[in-house]
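Report on the structure given below.
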Amino acid sequence: MRIRMQYLIAAQTLCGVLLGTLLATPAFGIGKPYPGPYVENDDLLMVLIPHTPEQMAAFYEARGFPEEAIKLISDACFVTVHIKNKSRRVIWLETVNWRFSSNNQPLQRLGSNYWNTRWDEIKLPLANRATFGWTQLPVQRDLQPDEPVGGNIVFEGNLKTFNLDARFLTGANKRGGMLDINFQNIKCPKEEPRP
């Protein structure tokens, strides 16, 4: 009984410390509710979270990706997209209706064809390919009311900033109108020099 009580006190102390730390530390900084640029309205929330090459390398390395794949991943610009349908109607995620640009020029994301070619070149195992695939933003799907979706969009690594004009059809039959969401000057973070 005495040992069980000591564990209970230790667990309560740890929970208190963790809770105090969480309450004392703002999640994303004062006045910034999300970790990246975002648009929020009555219909949806859309957040873009750019990642450094080091962050992406660590993520995929922890999932067993070989060095050749980590190099290709580190040479690209990864931005995680989070979208949540806040409305009472269906919202359609169809990236064919999205326009990316940089320096007033159209910009293409590196999609599945690009990555499949790279993976073939380095003979990436199927398990790694599947893992990479589920971390990418779907190119098309419906979002039911209160439903979220997320995943990465990827660009060439030499990209500094980009703009995104995202259009979403709405309604079960896609005739409920269009939502236009715009992001300007989204930065692709680069590797920070080590001291």
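Numbers at a glance
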read-out	value
Boolean, I91 is closer than 20 Å to K71 by Cα and touching a residue at least 12 places away in the same chain (Cβ under 8 Å)	no
Test: residue in segment 60-82 that is of a type in the set (S, T, Y) and in contact with a Gly (Cβ under 7 Å, 6 or more places away or on another chain)	yes
Number of the condition not met by A130 [criteria: (1) surrounded by 14 or more Cβ atoms within 10 Å (Cβ to Cβ); (2) among the aliphatic types (A, V, I, L, M); (3) outside any strand (DSSP E or B)]	(1)
Within segment 88-115, tally of residues that are charged (D, E, K, R) and in a strand (DSSP E or B)	2
Pairs with Cβ under 8 Å, 6+ apart, first in segment 30-45 and exposed (fewer than 15 other Cβ atoms within 10 Å of the Cβ) and modelled with pLDDT of 90 or more, second assigned to a loop (DSSP other than H, G, I, E, B) and of a type in the set (D, E, K, R)	E40/K86; N41/K86; D42/K86
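The values are calculated or read from the model by the stated rules, or taken from the named source; none is laboratory data. The model shown is predicted, which means the values in this text are computed figures rather than measured ones. Positions of Cβ are backbone-derived with ideal geometry, glycine not excepted, and every protein chain shown enters the neighbour counts.
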